[in-house]
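Have a look at the structure below, then the notes.
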Amino acid sequence: MISKNLYINILLRIIVIVLLAALAGYLVASEKSVRIIFLVVTIAVILIVNLIHFLNNTNRKIRYFFDSVKNDDSGLYFPENEKNNTVREIHKSMNRVNDQIRNLKIEIGKQEQYFRILIEHLAIGIITYNKKGHILHYNTSAKNLLGVDVLTHIQQLERIDKKLYRELVRMKPAERRLVPINTENGEIQLSLKSASFGTDNRELIILSVQDIKNELDEKEVESWMKLIRILMHEIMNSITPITSLSESLSGIFVSGGEPVPPERITSKEISTTLQGLSVIKEQGKGLMSFVESYRQLTRIPKPDKRLFRVSDLFNRLKVLYATQEADDGIELSYIIREPGLEIFADQSLISQVLINIIKNAREAITGMAGGKIRVSAGYGNDNHPEIYISDNGPGIPPENIDQIFVPFFTTRENGYGIGLSVSRQIMSAHGGALNVVSVPGKETTFRLSFKN
């Protein structure tokens with residue numbers, strides 16, 4: 001509407017000026033009175049000057065308006081009582097836009113205040129800084145965790161703890177790190193996580209700082225309590241029948257608190273005693289085996305890393321399982337996607353991991369028609385070597401998927417639940433990882449990821 005009125009206003013003035021110019025030309029050609037010619041030319045000049053003034057005035061007001069927006073000046077007001085309809089409409093529109101900008105700023109200010117209060121009430125420390133390390137904002141939790149009153153630059157953190165500053169400088173966006181630091185209240189475990197946002201010219205980094213020492217202590221106590229319960233359960237299961245059987249056998253050779261004479265002991269009682277001692281022996285062996293498995297869990301040797309070909313590792317497994325494959329009918333295949341693939345690791349320990357996983361896979365598909373296990377190797381998405389062990393067994397139930405790496409967790413009657421836990425510790429000792437993905441009724445895949 002404004003542009004239409006403006007165009008009409010300008011167009012009418014130009015038409016009048018053109019008509020006056022044409023009239024002046026006609027009068028000159030007709031040699032009319034000089035006074036009339038001068039009057040027509042004067043009117044045309046006045047209209048031209050008026051048009052220029054009108055355009056300059058309009059442009060100047062529009063420029064003032066945009067300058068006020070640029071300078072965050074929302075107090076500028078344009079009078080709406082102008083006689084010129086076009087100017088009046090322009091003033092109304094600019095005032096309306098100015099009011100909308102002012103209301104928007106007020107709303108943004110309220111939201112900013114809301115988020116500031118929200119961040120201030122967080123138990124997690126929040127620090128915002130730019131690429132040059134200048135700190136723009138931090139909350140009270142961050143000050144309390146770091147033990148400082150004022151933060152202006154991240155280099156100040158070097159005075160708090162040099163390791164903390166080094167880790168912070170090396171951190172990449174979306175990366176998480178755990179850093180122990182010493183404070184006046186003792187050592188705390190800081191969990192650091194960063195995120196970046198903004199444009200290339202003004203990139204800001206948000207750092208969250210959280211003390212997770214209490215959570216770690218609670219998890220440690222919980223793990224110890226769980227381990228103690230499992231140990232007590234297994235030991236009591238073995239000791240209780242041994243104690244009961246020992247009391248029964250003692251009753252054969254003791255009567256009224258006195259030893260039974262040899263001539264009163266029958267061959268049946270001797271046979272019963274021998275059977276009982278055999279049971280005690282077997283129970284003792286079982287208990288020793290359980291304790292040995294626990295020792296194995298707590299004594300993972302340091303990897304003796306060397307560069308070896310994955311093909312050599314797979315050849316060792318082929319020889320190991322050649323006889324079993326023929327006996328149980330389970331198809332075991334090996335695939336190397338990258339010829340000449342090499343891994344820098346302890347080949348014996350990695351063999352132990354693969355044997356543990358393959359053993360579990362074989363037990364899962366034993367007796368199943370068409371059972372298959374596929375062992376493959378190649379490079380992952382990050383160009384690091386990976387080994388996969390897949391089987392087409394029944395899979396792992398969703399409720400157990402997070403428990404299978406927990407020590408002593410097992411769903412098998414005669415299992416100790418040690419193999420997968422030891423395997424994950426071996427991979428951790430190599431700086432790698434062991435993960436599992438399972439689709440019940442279709443496929444289960446364990447992945448060994450190496451970082452070399």
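The values are calculated or read from the model by the stated rules, or taken from the named source; none is laboratory data. Fair warning: this is a prediction, and the values are worked out from it, not measured in the lab. No Cβ is skipped: glycine too gets one built from the backbone with ideal geometry, and neighbour counts run over all protein chains shown.
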Can you tell me how many residues in segment 50-66 are without any contact (Cβ under 8 Å) to a residue 40 or more places away in the chain and touching a Lys or Arg at 6+ places or on another chain (Cβ under 8 Å)? 1
Does ASN84 satisfy the criteria of being at pLDDT below 70, touching a Phe, Trp or Tyr at 6+ places or on another chain (Cβ under 9 Å) and polar (S, T, N, Q)? yes
Going residue by residue through segment 88-103, is there one that turns out to be assigned to a loop (DSSP other than H, G, I, E, B) and at pLDDT below 80? no
Take LEU151 and tell me if it is over 30 Å from TYR64 (Cβ atoms), surrounded by 12 or more Cβ atoms within 10 Å (Cβ to Cβ) and touching a Leu at 6+ places or on another chain (Cβ under 6 Å). no
Looking at LYS281, LYS285, which is the one that is under 27 Å from GLN425 (Cβ atoms), at pLDDT 75 or above and not assigned by TED's automatic domain parsing to the domain that holds LEU420? LYS285
Name the one entry in ALA123, ALA142 that is within 25 Å of the chain's Cα centre (by Cα), closer than 21 Å to LEU178 by Cβ and in a helix (DSSP H, G or I). ALA142
Hits in segment 333-370 - residues which are part of a strand (DSSP E or B) and crowded, with 20+ Cβ neighbours inside 10 Å: ILE343, ALA345
With the checklist (1) of a type in the set (A, V, I, L, M); (2) at pLDDT below 70; (3) under 30 Å from LEU274 (Cβ atoms) in hand, flag the one item ILE252 doesn't pass. (2)
